[in-house]
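The values are calculated or read from the model by the stated rules, or taken from the named source; none is laboratory data. What you see is a predicted model, and the numbers here were worked out from it, not measured in a lab. We place every Cβ from the backbone using ideal geometry, glycine too, and count neighbours over all the protein chains shown.
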């Protein structure tokens with residue numbers, strides 16, 4: 001638990017430092033953004049011919065947001081042509097990662113949306129036969145927080161009311177989210193239940209392929225609590241379609257009208273980075289290109305607007321720095337998953 005909290009605090013600390021410095025000082029930040037490189041066979045710098053970003057989920061969730069927003073800005077910044085977003089749901093990313101590893105491991109034009117959900121699935125051996133270091137970690141350029149949300153007509157108007165109901169009868173409230181059992185959205189439930197002294201195994205969990213599908217399930221009454229993220233619920237909260245009982249963080253998000261878990265007296269937090277991976281056999285030239293292109297997006301005023309509009313905090317982890325951070329996070333999530341029996345053999 002302490003190691004995972006250290007990883008979470010690292011994300012929070014980086015975000016706070018970036019927020020204090022402002023995007024105008026991006027060039028002064030420490031990162032490993034590479035200069036454009038040339039291939040061994042040509043003096044021309046690498047450029048993707050058919051750029052594509054795979055979101056390992058249905059449309060509407062955080063991975064889909066990452067691909068579509070960053071892909072648009074790759075083109076807007078002149079780094080690429082039109083970036084195609086491919087939604088490839090199934091198994092919390094397992095279908096997409098298995099396909100890429102088997103059939104596209106050397107695709108230099110391909111990027112993959114990633115978040116702590118990705119690290120968790122690697123940690124739990126849920127991407128069968130695959131390890132985190134078999135992929136190349138490009139960078140992360142934004143961070144938001146998990147949320148505990150309900151429908152506007154829910155009987156729960158505060159987090160305390162929800163907690164009281166779960167304590168009284170753990171099986172009476174159905175939670176759901178865009179990840180399998182033990183995945184990112186379910187981890188928020190595990191952490192909160194552990195804090196309040198409830199056995200998480202007694203709390204019903206319904207898994208969906210992405211936050212968009214899970215939100216629709218909440219609206220349709222299939223679940224009572226959706227444990228999504230700030231960025232994927234921003235529009236629904238503004239439209240009055242959601243009541244957010246708590247943001248699982250230590251600071252309020254501008255334009256997002258919801259209290260934090262810390263100010264409500266709880267200790268559970270769940271920061272979420274937004275980033276990209278690449279296939280494991282991508283060439284160094286292509287990898288350096290994508291690190292550089294993502295760094296340009298992070299430093300752009302257009303990203304600053306998109307980030308603010310979706311409740312993301314500034315974050316810049318690129319190349320080798322991101323790789324080291326992500327692999328450490330995988331180890332930490334594995335340690336935390338073991339007591340819950342979530343690590344597959």
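Points worth noting:
- Of the residues making up the range 236-252, those that are touching a strand residue (DSSP E or B) at 6+ places or on another chain (Cβ under 9 Å) and either assigned to a helix (DSSP H, G or I) or at pLDDT 95 or above (or both) are 236, 237, 242, 243, 244, 245, 246, 247, 248.
- Taken together, the criteria place residue 120 among residues that are at pLDDT below 95 and in a helix (DSSP H, G or I).
- Residue count, the range 52-103 (criterion: in a helix (DSSP H, G or I), surrounded by fewer than 21 Cβ atoms within 10 Å (Cβ to Cβ) and touching a strand residue (DSSP E or B) at 6+ places or on another chain (Cβ under 7 Å)): 1
- Residue list for the range 259-268, restricted to those being in contact with a strand residue (DSSP E or B) (Cβ under 8 Å, 6 or more places away or on another chain) and surrounded by fewer than 21 Cβ atoms within 10 Å (Cβ to Cβ): 259, 260, 264, 266
- Applying the criterion of being within 20 Å of the chain's Cα centre (by Cα) and within 10 Å of residue 136 (Cβ to Cβ) to the residues of the range 281-294, the residue that is surrounded by the most Cβ atoms within 10 Å (Cβ to Cβ) is 290.
- Members of the range 18-70 found to be modelled with pLDDT of 50 or more and farther than 25 Å from residue 180 by Cα, listed by number: 42, 43, 44, 45, 46, 47, 48, 49, 50, 51, 52, 70
- Some residue of the range 134-156 being in a helix (DSSP H, G or I) and outside the structural domain of residue 223 (by TED's automatic domain parsing): yes
- Condition met for residue 255 (in contact with a helix residue (DSSP H, G or I) (Cβ under 7 Å, 6 or more places away or on another chain), surrounded by fewer than 23 Cβ atoms within 10 Å (Cβ to Cβ) and not in a helix (DSSP H, G or I)): no
- Of residues in the range 324-344 being out of contact with any helix residue (DSSP H, G or I) (no Cβ under 8 Å at 6 or more places or on another chain) and touching a residue at least 24 places away in the same chain (Cβ under 8 Å), the one surrounded by the most Cβ atoms within 10 Å (Cβ to Cβ): 342
- Residue match in the range 146-165 (condition: in contact with a helix residue (DSSP H, G or I) (Cβ under 8 Å, 6 or more places away or on another chain), under 26 Å from residue 338 (Cβ atoms) and surrounded by fewer than 24 Cβ atoms within 10 Å (Cβ to Cβ)): yes
- Residue match in the range 223-235 (condition: modelled with pLDDT under 95 and in a strand (DSSP E or B)): yes
- All positions within the range 157-184 that are at pLDDT below 95 and part of a helix (DSSP H, G or I): 184
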